[in-house]
Amino acid sequence: MDETKILFILSYLRNEAGTSCAASRWVMNWKQCNLESLNGVKAGVTSATFLEELQRAFGDSNMEQVTAAQLMALRQNKQSFTDYISDFEMLAADAGYNVVTTTNNKGEYKKGDQDNILMEFLEHGLSSKITSHLYNTGVPLPKVYGAFKDWCVNIKVNALCDQLRKASYGHSTP
């Protein structure tokens with residue numbers, strides 16, 4: 001099964017015109033090192049090891065840095081907070097940040113090594129409505145990423161509740 005997958009992928013690593021290219025040269029070299037003339041793929045070569053070699057050869061070696069730059073540039077703008085936080089945490093994880101929050105036995109968030117930078121990035125990209133509310137409450141901001149994220153969620157939930165109350169009172173009959 002692994003051999004079939006590998007050979008299938010190798011068949012696509014070529015130039016359409018049939019001329020030599022970086023991919024076709026890599027394939028030739030890989031075949032010389034990993035194929036036995038009559039028996040196919042050498043013992044121990046799996047699709048997983050093949051894909052690792054392929055990633056090393058052609059993958060973006062700066063992926064974490066590129067993703068970190070995308071994270072720093074991410075802005076909520078008109079996006080919903082839920083969509084923004086999903087995008088934020090996906091990019092943060094891809095950039096190598098730990099967005100998984102843990103709690104102690106009292107249910108309080110534990111401070112992680114990367115909490116300060118995560119909170120800075122998150123705050124920097126939030127909509128002006130949320131950031132103005134963050135600073136106008138007079139309450140000190142949380143110092144732990146999980147609590148800070150919850151704080152932002154509560155701000156958004158409270159704002160939605162206020163909108164619903166205004167809408168329902170505005171349409172109610174006396």
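Values quoted throughout were computed directly from the atomic coordinates according to the rules given, and no laboratory measurement underlies them. Worth saying up front: this structure is predicted, and the values here are computed from it rather than measured. Positions of Cβ are generated from backbone atoms using ideal geometry, with glycine treated the same way; all protein chains shown enter the neighbour counts.
On the principal axes of its alpha carbon atoms, the range 1-150 extends 75, 41, 21 Å, with the longest extent given first.
Each helix, a run of at least 4 DSSP H residues, gives -39500 (n - 2.57); summed and divided by the residues of the chain, these come to -20000 deg cm²/dmol at 222 nm. Remark on the range 2-58: ratio of C-alpha radius of gyration to 2.2 N^0.38 Å is 1.09. Here's the picture: charge each Lys and Arg Cβ at +1 and each Asp and Glu Cβ at -1 in the chain, and of LEU118, THR19, TRP151 the one pushed furthest to the positive end of that dipole is TRP151.
Among the listed pairs LYS106/LYS156; LYS111/LYS156; LYS129/LYS166; LYS106/LYS143, give every one whose C-alpha distance is greater than 21 Å. Check vs 21 Å cut-off fails for LYS106/LYS156; LYS111/LYS156.
Classify the range 63-171: rounded, prolate or oblate, from the alpha-carbon gyration tensor (a ≥ b ≥ c, eigenvalue square roots; a/c under 1.5 rounded; otherwise prolate if a/b is larger than b/c)? Verdict is oblate for the range 63-171. Magnitude of the charge dipole for the chain, about its Cα centre and with charges confined to Cβ atoms of Lys, Arg (+1) and Asp, Glu (-1), is about 460 debye. Ranking GLY44, ASN29, ILE6 by Cα position along the charge dipole of the range 2-58, where only Lys, Arg, Asp and Glu carry charges on their C-beta atoms, puts ASN29 farthest toward the positive end. Note on LEU38 and THR82: their simple-model spin labels are 6.3 nm apart, each label 7 Å out from Cα toward Cβ. Taking a straight Cα-Cα cut-off under 26 Å and skipping sequence neighbours fewer than 8 places away in the same chain, the lysines within cross-link reach of LYS31 are LYS5, LYS42.
Which helices of the chain meet both criteria: a Cα extent of 20 Å or more along the helical axis and a mean Kyte-Doolittle score no lower than -1.0, with helices taken as whole DSSP H segments?
Those that pass (Cα extent of 20 Å or more, hydropathy at least -1.0) are 145-171.
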